[in-house]
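Only one structure is covered here, and it is reproduced in the block below.
The values are calculated or read from the model by the stated rules, or taken from the named source; none is laboratory data. Owing to the predicted nature of the structure, the values given are computational and were not obtained by experimental measurement. Cβ placement follows ideal geometry from the backbone for every residue including glycine, while neighbour counts extend to all protein chains displayed.
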Amino acid sequence: MLLSDARRAMNQYVSFCYISDEFMGLVYKARKAETKEEKTAIKQEFFNKVKEDSLFGRLVQNTGEAIVKADFPELPSCITNPMGNYLWSIYTNDRSGVKTGEKTLRSYKKGAAIGVSKASIKFEADDIGHRVYWKLGRSGEPFTFAIPYGKDRGGYRKQVQAMIDGELDWCEPTIQKRKRDGKLFLNVPIKEPMRDHKLDSSLVVGVDVGLNCLMFAGLSKGSARWLWGGSKELRVYRTQFQERRRRLLKESPGCRAGHGYARRTKAANLVSDKERCYVQNANHTASKGVVDFAIRNRAGTIHMEDLSGIHKNKKNTWLYRNWCYFELQTMIKQKAERAGIRVLFVNPRNTSIICPECGNVDAEQRVEVNKCGECGSVKRDRTKFMCKVCGFKGHSDYVASVNIARVSDGKEKRGVVREQDVVGV
């Protein structure tokens, strides 16, 4: 009941952020304020005129917290206090997309993570193992949870012990209740110290993502390459999961909205959760591999394709629905920045049809044509690359990764690939 009320309070707070923002926008338009200084002065003047206990008389975070506490008085302060700054920061990031219609207000459903204050969580060790104590208020006994590690392949036992000893710093955690079985999870962000890998900023790793190969990485100098070839396996497994879910929904009697809908679709939703976990694990494995490849070769920069707006192409909806390129690139960026590697995004135009040796540009170089000597049939292989000028042969995804890595220095975050910028080194 506590987590359910917290989820409802989060949705109410997000709605309040939107209403407050739109209200102040109307005030700015009425006063014809355009610059940031004019808006700040109007906001200060407006707040001074209204009473302190009115709806818009305080900061959005403080007013939203007061409204949430009024509607949900049983929620402890360890949940309502961090809610304001956390949700307001998320809303400010999504605000421009909400106003243009590209995004919608976030809604928090069952299974959403609930933020709690760091002071309410305490880790301790005893003879049995490690335990978590969650104290809701100043008075009362805290809730006690044992930490089951299982096989502990991630080394969580050592991390928790380092947190207890004060050797590892951590931030405000979140508590999440899984939908399918009701298990509680404590998500604790850890501040890992920056490691000095002695990287060369002039050495660049180009990353090409696609469906032939999920990821192909190549260096701007040298012939080192790294391939994560789980693309075909990923497509097969995703297709199997989706077919299984369609079959379960078709076989369920009366899968219409109404009483008992959640119970009838529980098995199908469980398959969807398994598919999501499988894809997320594959992206984690691939992103870790490319960062390790960069560290192994002392590369201080990673170039990736700028694929923003590719989903607007409606020709192949299956491809964009089953290709989690954004999540994969986000994981690479997070792991790379943690290792001290700079990440830049470049325009992928012509990267797969430019020869990395001589710089010749020809779309026909991407496809290798093989003719059968007996029947004369033609077979086209899009994974092969052969230059028509110098005769260079190689994997098309490897060629694209090298061209992405060889973008000239001094480009902005979303640079443009030109033929003269990717001539072989």
Point to revise | Flag for Glu124 being exposed (fewer than 13 other Cβ atoms within 10 Å of the Cβ), at pLDDT 80 or above, of a type outside the set (A, V, I, L, M) and not assigned by TED's automatic domain parsing to the domain that holds Met24 | key: yes
Point to revise | Any hit, the range 195-211, residues being more than 20 Å from His284 (Cβ to Cβ) and basic (Lys, Arg) | key: yes
Check your understanding: Yes or no: Ala286 at pLDDT below 85, assigned to a helix (DSSP H, G or I) and either in contact with a Leu (Cβ under 7 Å, 6 or more places away or on another chain) or more than 30 Å from Ala224 (Cα to Cα) (or both)?
Key -> no
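Yes/no matrix, rows are residues, columns are (1) of a type in the set (A, V, I, L, M); (2) more than 23 Å from Thr174 (Cβ to Cβ); (3) in contact with a strand residue (DSSP E or B) (Cβ under 9 Å, 6 or more places away or on another chain); (4) surrounded by 11 or more Cβ atoms within 10 Å (Cβ to Cβ):
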{"site": "Met1", "(1), (2), (3), (4)": "yes, no, no, no"}
{"site": "Ala6", "(1), (2), (3), (4)": "yes, no, yes, yes"}
{"site": "Tyr13", "(1), (2), (3), (4)": "no, no, no, yes"}
{"site": "Val27", "(1), (2), (3), (4)": "yes, yes, no, yes"}
{"site": "Lys32", "(1), (2), (3), (4)": "no, yes, no, no"}
{"site": "Glu37", "(1), (2), (3), (4)": "no, yes, no, no"}
{"site": "Ala41", "(1), (2), (3), (4)": "yes, yes, no, yes"}
{"site": "Gln44", "(1), (2), (3), (4)": "no, yes, no, no"}
Study note, to complete from the structure: Only one of Gly300, Gly340, Gly309 is more than 25 Å from Glu233 (Cβ to Cβ), modelled with pLDDT under 80 and out of contact with any Phe, Trp or Tyr (no Cβ under 9 Å at 6 or more places or on another chain), namely Gly309
Check your understanding: Only one of (1) at positive phi; (2) modelled with pLDDT of 85 or more fails for Leu203. Which number is that?
Key -> (1)
Review point. When you go through (1) more than 22 Å from Trp226 (Cβ to Cβ); (2) at pLDDT 70 or above; (3) touching a Gly at 6+ places or on another chain (Cβ under 8 Å) one by one for Val423, which number turns out not to apply?
Key: (2)
Review point. Pairs, please: C-beta under 9 Å, at least 6 apart or cross-chain, first residue closer than 26 Å to Asp5 by Cβ and in the range 91-118, second among the aliphatic types (A, V, I, L, M) and assigned to a loop (DSSP other than H, G, I, E, B)?
Key: Tyr91/Leu105; Asp94/Leu105; Val98/Leu105
Study note, to complete from the structure: When every residue in the range 320-336 that is more than 14 Å from the chain's Cα centre (by Cα) and surrounded by 14 or more Cβ atoms within 10 Å (Cβ to Cβ) is compared, the one modelled with the lowest pLDDT is Tyr320
Check your understanding: Looking at the range 187-203, is at least one residue out of contact with any Lys or Arg (no Cβ under 9 Å at 6 or more places or on another chain), crowded, with 16+ Cβ neighbours inside 10 Å, under 30 Å from Ala162 (Cα atoms) and hydrophobic (A, V, I, L, M, F, W, C)?
Key -> yes
Review point. Within the range 182-192, is there a residue that is more than 20 Å from the chain's Cα centre (by Cα) and β-branched (Val, Ile, Thr)?
Key: no
**Study point:** Filtered residue count, the range 337-360, keeping only those that are surrounded by fewer than 14 Cβ atoms within 10 Å (Cβ to Cβ) and aliphatic (A, V, I, L, M)
**Key:** 0
Check your understanding: If we scan the range 274-283, do we find a residue that is loosely packed, with under 14 Cβ neighbours inside 10 Å and in a loop (DSSP other than H, G, I, E, B)?
Key -> no
